[in-house]
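Only the coordinates and a few stated rules stand behind these numbers; no lab work does. Nothing here was measured: the structure is a model prediction, and the numbers come from that model. Cβ: placed from backbone, ideal geometry, glycine included. Neighbour counts: every protein chain shown.
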Amino acid sequence: MSTLDHNFNNIASKSEKSKSDAPKYPPPFSIRFTFEERARLDADRGRKPVAVHIREKLFGDEVTPRKRPGNSPVKDAEALGRVLGALGASRLSSNLNQLAKAVNTGSLPVSPETEADLIKACREVQALRADLLRALGKMPRNGP
């Protein structure tokens, strides 16, 4: 056996030991409910996951949180709804594609009105972006 093989075997055996030293979690617990019990459970839990609701009912204030609070990507559902509604009502991608084609073919006359419309459209896209970032819990940057 070469020195390289011997070193590899030592390193591999150490990594196997470190895996066995890792804390082991108990296997998941499964429980079956009747349709009526499940309906009641779903009604009682509201928007919480089933496992969180059951843990809170069993252990009360002593429950150990599994995730940090506020880890949900949606921070402002109303802002997200506004953005999705505006995107759904707009034909933004189609219009941008038409503008790009007109610019590339040279058929878009650039008048002060056209420039003002383009600036307005850019501001509206920036507002949509800011609403989306707020809904996701991020702070929008000021400026382009």
For segment 77-135, the Debye formula with one identical point scatterer on each Cα and no solvent gives log10 I(q)/I(0) at q = 0.21 Å⁻¹ as -0.86
For a quick protection proxy, order the peptides 44-54, 129-139, 101-111, 78-88 by their average other-Cβ count within 10 Å, most packed first.
129-139, 78-88, 44-54, 101-111
